[in-house]
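The values are calculated or read from the model by the stated rules, or taken from the named source; none is laboratory data. All values derive from a computational prediction rather than experimental measurement. Using ideal geometry, Cβ is built from the backbone for each residue, glycine included, and neighbour counts are taken over all protein chains shown.
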Amino acid sequence: LGNSLRRVLLSSLPGAAVTSIKIDGVLHEFDTIPGVREDVMQIILNVKGLAVKSYVEDEKIIELDVEGPAEITAGDILTDSDIEIVNPDHYLFTIAEGHSLKATMTVAKNRGYVPAEGNKKDDAPVGTLAVDSIYTPVKKVNYQVEPARVGSNDGFDKLTIEIMTNGTIIPEDALGLSARVLIEHLNLFTDLTEVAKATEVMKETEKVNDEKV
């Protein structure tokens, strides 16, 4: 159970991520930008670290319009009420005095991981750079199984799960969603026979103790 939940948590939960970026004056990821310390490749890597929460199913455009001198962070990104940047202190790049930068980024919702190649669109404007998208909101999952006793019966196991997210979802919700994904998939098998649907398996339910790590 712990391993199954871990796999779902890391691969199957919905989330939002940047799928492409277009920087004024930039044609490819190997370009450099006058007055900007980082090259385009490094900026793209930093953009991949954005923790984005989208409240709509459609793609959304977010923007940057900055002037130096300044250290630019995720909090400088211009969004509407449909998009929330959860890590506004996340560093993007440094721009020098007398220089400016304008950029647009596309945010989409999906599951798992999509490489940049999968985000490329034939009708995208010239200079649009596809980005690797990490949609899963869960960054790390550990679990541990230990012997447990309930009353005089010591034939039980205790499952402890440690979940680290990117801040767009709380661990309790992530665990609940992963359990729902498992249940809905397993229901495909219980629906194969009336015996499985009618048989009562768990007659007694013990009180659940939630421990927050």
- Message: Just to be sure before I move on: is VAL52 in the same structural domain as GLU117 (by TED's automatic domain parsing), buried (at least 19 other Cβ atoms within 10 Å of the Cβ) and touching a residue at least 12 places away in the same chain (Cβ under 8 Å) in the structure I sent?
- Response: yes
- Note on the structure: If we ask which residues in the range 161-198 are of a type in the set (D, E, K, R), within 14 Å of ARG6 (Cα to Cα) and either not in a helix (DSSP H, G or I) or not assigned by TED's automatic domain parsing to the domain that holds ASN142 (or both), their number turns out to be 1
- Task: May I ask you to list the residues in the range 15-30 that are more than 19 Å from LYS121 (Cα to Cα) and surrounded by fewer than 15 Cβ atoms within 10 Å (Cβ to Cβ)?
- Result: GLY25, PHE30
- Among residues of the range 97-142 being touching a helix residue (DSSP H, G or I) at 6+ places or on another chain (Cβ under 9 Å) and of a type in the set (Gly, Ala, Ser), the residue surrounded by the fewest Cβ atoms within 10 Å (Cβ to Cβ) is GLY112
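Here is a yes/no grid of residues against (1) of a type in the set (Val, Ile, Thr); (2) touching a residue at least 60 places away in the same chain (Cβ under 8 Å):
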{"site": "LYS60", "(1), (2)": "no, no"}
{"site": "LEU64", "(1), (2)": "no, no"}
{"site": "VAL86", "(1), (2)": "yes, yes"}
{"site": "LEU101", "(1), (2)": "no, yes"}
{"site": "ALA116", "(1), (2)": "no, no"}
- Query: Which members of the range 14-49 meet the condition of being in a loop (DSSP other than H, G, I, E, B) and out of contact with any strand residue (DSSP E or B) (no Cβ under 6 Å at 6 or more places or on another chain)?
  - Reply: GLY25, VAL26, LEU27, HIS28, PHE30, ASP31, THR32, ILE33, PRO34, ASP39, LYS48, GLY49
- Query: Can you spot a residue in the range 87-105 that is part of a loop (DSSP other than H, G, I, E, B) and either among the aromatic types (Phe, Trp, Tyr) or on the phi > 0 side of the Ramachandran plot (or both)?
  - Reply: yes
- Tell me which residues, restricted to the range 46-64, are within 18 Å of LYS139 (Cα to Cα) and among the β-branched types (Val, Ile, Thr). VAL47, VAL52
- Item | Filter pass, ILE72 being within 21 Å of GLN42 (Cβ to Cβ), touching a Phe, Trp or Tyr at 6+ places or on another chain (Cβ under 7 Å) and assigned to a strand (DSSP E or B) | yes
- Query: So, in the range 1-49, of the ones that are touching a residue at least 24 places away in the same chain (Cβ under 8 Å) and among the acidic types (Asp, Glu), which residue ends up farthest from ALA179 (Cα to Cα)?
  - Reply: ASP24
- Message: Among the residues in the range 154-163, are any in contact with a helix residue (DSSP H, G or I) (Cβ under 8 Å, 6 or more places away or on another chain), at pLDDT 90 or above and under 14 Å from LEU13 (Cα atoms)?
- Response: yes
- Answer residue from the range 143-153, given it is polar (S, T, N, Q) and either assigned to a loop (DSSP other than H, G, I, E, B) or modelled with pLDDT under 90 (or both) and is surrounded by the most Cβ atoms within 10 Å (Cβ to Cβ) among those: ASN153
